[in-house]
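Inspection log for the structure reproduced underneath, given as structure tokens.
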Amino acid sequence: LVGAIRAYASAISARADDQGVTIALDVPISMPRLPATVDVAAYRIVSEALTNVTRHAYARSCAVRLWVDDDLHIEVVDDGIGLPEQHATGVGLWSMRERATELGGDCVVSAGTGGGTKVRATLPLPKEGG
């Protein structure tokens, strides 16, 4: 997962070079083995969020953070123009939420602190012995 996210962030950053978007990753050095469904959902949520940043946010920087406790947590925050007051949920935002809820998790897209947009997703992980 981490390698795939690094590769996607690098590729999308290179394509968005004319916009000057810098993508910083804060991901664990090693991750526990994730179920394939969680792995794919996490990658798709991050890649959709990054695509939205480069297409719509007019951001100069974006931070992607992953961490694991009992669940996998994803946070993508940009310093762009933020969400319009009256924004319609497009296919991308809908698909991020749908991927999370299919796994019993959640995905919330909100205004970032001080501007920009924040995507936070929590994907439950199987419990030991369960």
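The values are calculated or read from the model by the stated rules, or taken from the named source; none is laboratory data. All values reported here derive from a predicted model rather than from experimental measurement. Don't worry about glycine lacking a Cβ; one is built from the backbone with ideal geometry, like all the others, and counts go over all protein chains shown. Heavy atoms of the whole protein, side chains included, go into the accessibility calculation; ligands, DNA and RNA do not. Shrake-Rupley method; radii C 1.70, N 1.55, O 1.52, S 1.80 Å.
Heavy-atom accessible surface of the chain, averaged per residue, reaches 57 Å², computed with a 1.4 Å probe. Extending 7 Å from the Cα toward the beta-carbon at both Arg65 and Glu128 defines two label points whose distance is 2.6 nm.
Once the chain from Val2 to Ser95 is taken as fully extended at 0.36 nm per residue, the excess over their C-alpha distance is 31.4 nm. For the chain, the longest principal axis of the C-alpha atoms and the axis of helix 2-15 are separated by about 10°.
A straight chain from Asp39 to Ala14 at 0.36 nm per residue would run longer than the Cα-Cα distance by 6.6 nm.
For Ser61, the residues whose modelled amide H falls within less than 5 Å of its own, excluding neighbours fewer than 5 places apart on the same chain, are Thr22, Asp79. When only the Cβ of Lys, Arg, Asp and Glu is charged (+1, +1, -1, -1), the dipole of region 32-93 relative to its Cα centre reaches about 280 debye. 3J(HN,Hα) couplings calculated from phi for region 99-115 with the Karplus curve 6.51 cos²θ - 1.76 cosθ + 1.60 (θ = phi - 60°) are, in sequence order, 4, 5, 5, 4, 9, x, x, 8, 9, 10, 10, 9, 5, x, 5, x, x Hz; Gly and Pro show x. For Gly82, the residues whose modelled amide H falls within less than 5 Å of its own, excluding neighbours fewer than 5 places apart on the same chain, are Gly116, Thr117.
On the principal axes of its alpha-carbon atoms, region 1-85 has extents of 36, 30, 19 Å, going from largest to smallest. The chymotrypsin sites (Phe, Trp or Tyr not before Pro) found in region 39-130 that occupy coil by DSSP, while having at most 16 further C-beta atoms within 10 Å, are Tyr58.
A dipole drawn for the chain from +1 and -1 charges on Cβ atoms has a positive end, and of Gly3, Val119, Ile74 the residue lying farthest that way is Gly3. Computed in the context of the full set of protein chains, the accessible area of the chain at 1.4 Å probe radius has 50% of its extent on carbon or sulfur. Cut-off 10 angstrom, C-alpha nodes, Gaussian network model of the chain. Which of Ala49, Ala36, Ala24 fluctuates the most? Maximum fluctuation in the GNM of the chain, among the listed residues, is at Ala36. Which residues make up the longest stretch of the chain that has no trypsin sites (Lys or Arg not before Pro) in a DSSP loop with at most 10 other Cβ atoms within 10 Å? With trypsin sites (Lys or Arg not before Pro) excluded where exposed in loops, the chain gives 34-126 as its longest stretch.
Computed from Cα atoms, the angle from the helix 36-52 axis to the main principal axis of the chain rounds to 10 degrees.
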